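Take a look at the structure below.
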Amino acid sequence: MVKHYNDPNVPWYMDRYQVDDKNQIIVAFGADDGEEGRIFQFERNDKNEIKKAVDYGVSKGIPKEQMDFDRVDF
C-alpha cells in the first residue's frame, strides 16, 4: 500500500470481507502510518483479533467508533 494523502498525519485504512467467505474480514492500514502499514485478517466473530486491529488503528489516530468490523452487515 502506498502513501494515500499529501498530509502524512492523516491516518487511513480500508476494510473488506473475503469474496467467498463474508465471515473473513481483511483490514489494511496505510503505509504512511510510520510503520509501513499493516494488514489484519480475521473472522468476524474473533473478538481478540478485532481488538488488535482496533487498538492498532486507535494508536494511529483513527477513531475507535469508525472501526466497527464485527457489526458490519453484508
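Since every read-out is calculated from the coordinates, none of them should be taken as a lab result. Small disclaimer: the values here were computed from a predicted structure and weren't measured. Note that each Cβ is placed from the backbone with ideal geometry, even for glycine, and that neighbours are counted across all protein chains shown.
Things to note:
- Of the peptides 59-65, 49-55, the ranking by mean beta-carbon count within 10 Å, highest at the top, reads 49-55, 59-65.
- Here the Karplus relation 6.51 cos²θ - 1.76 cosθ + 1.60, evaluated at θ = phi - 60°, turns the backbone of the range 15-21 into coupling constants of 9, 8, 9, 5, 4, 9, 8 Hz, with x for every Gly and Pro.
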